[in-house]
Amino acid sequence: MKRRNLIVGAAAALTVGQLVGCARVDRTETGSVTTSPDQAPARQPRPATPPPVRALRSAASSRGLYFGAAIQAGTLGDSRLRSIVVRDCSTITPEWAMKWDALAPGRTYNFSEMDQLASFAARNGLAMRGHTLLWHKSLPSWAASALASSRDWAIIDDHFSKVIGRYGNQVREWDVINEPIEPNHGGRGLRNNQFYKAFGEDYIERALESARARAPRARMVINEYGLEYNSGYEGQRRLSLLRLLERLRSRGAPVDTVGLQAHLDLRKGTVYADGIYGLMRDIRNMGLKVAITELDVAEANTGLSVERRDSLVADETRRYLDIVLQFNNVLGVSTWGLNDSHSWLRTQRSSANRGLPYDREWQAKPMHNAILTAFA
Ligand code: XIL
């Protein structure tokens, strides 16, 4: 277990102003002060200010990793968000704007929202994750109908050309296929999605080849969820993913990175260390890289105090990262948002979930500290 850095809990509750403003704070020496009786009492030493909470990107970089977060284009108007993203992140993931049905709900593409994110990234020297080219939940109905009727791969090639052609020079990792695994669908554990129905399992290799042809220097990623806990179902998911990767590798398919979404969930108990370790070991032994792509923690146990909830979230985050960061093929960690008020989990549950590094007031929570110390 890595050295634990104890960053004072209080520091983790700094406001964004203190975080951003205290990029460099010189601590005043508050040693003992001696004065002779006839002198005015010495100036009272300033109260010790908590040490600046280190930027997540800086801590990650010290390990040769990146730290990033998913960002919604609509939140770019929030100056506090912008300052925190620029301070903490070296890469961003478009949470929605790059998805097929966000870009082209009808046949006409509208890149305006995605262009806003891309411009923000470019202006601030941030890379982007290309999320995501093929996902069964973001295939616009016109494309689904066309694929079902024509089974014409040109539909997919055209989409890849448009998206990769426009953003490819800013994207280092493309989530080419998102969530291809579903053991309950049979078919060697593959999801029977619209692409599988149209082209069979080959769609995965063909998509990787189409993306690689358009983005020869970027990493080709298969991104998956539901791999972290000790259940028969998640065990099947881990096995199905590994078997898919083995088949792809044996055929020389251009997959070089596995995206582990890492949507942790306290309702499932604590993360299954042996299962995650085994998955990471087998992925590494295939010569593949790993990106942690969508880290957050479902909790929303409103029966507990906020302090307790935040502590449980931080502990689970640290447990998970302590396992995966033992492996030197990890490229980086991205959370699925930064601020609880933007979390997709907010819409999944009755009450606001507290599963991201900052609370709705942009105060860094213990989860922020857990990520920071996991990088140490
Ligand atoms: C989610 C977004 O966060 C939501 O805002 C949207 O309504 C649905 O998609 N796994 C993924 C992400 O790969 O693309 C999903 O993002 C969350 C689950």
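Values as computed for the structure displayed
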item	result
Packing-based order for 358-365, 141-148, 104-111, 331-338, using average beta carbon neighbours within 10 Å, highest first	331-338, 358-365, 141-148, 104-111
Segment 210-298: trypsin sites (Lys or Arg not before Pro) falling in loop per DSSP and having at most 11 other Cβ within 10 Å	R217, R251
Segment 237-318 - percent relative contact order, Cα under 8 Å, separation 6 or more	37 percent
Protection proxy ranking of 159-170, 253-264 - average other beta-carbon atoms within 10 Å, highest first	253-264, 159-170
Length-normalised contact order for segment 53-375 - Cα pairs under 8 Å, 6+ apart - percent	16 percent
Segment 53-375 - share of DSSP beta bridges that are antiparallel (%, nearest 5)	5 percent
Peptides 179-186, 292-299, 58-65 ordered by average Cβ neighbours within 10 Å, highest first	292-299, 179-186, 58-65
Surface share of carbon and sulfur [accessible, 1.4 angstrom probe, percent] for segment 53-375	45 percent
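The values are calculated or read from the model by the stated rules, or taken from the named source; none is laboratory data. These numbers were taken from a predicted model, which means no experiment stands behind them. For neighbour counting, all protein chains shown are included, and Cβ atoms are generated from backbone atoms with ideal geometry for every residue, glycine included. SASA here: full protein model, heavy atoms, side chains in, ligands and nucleic acids out. Shrake-Rupley method; radii C 1.70, N 1.55, O 1.52, S 1.80 Å.
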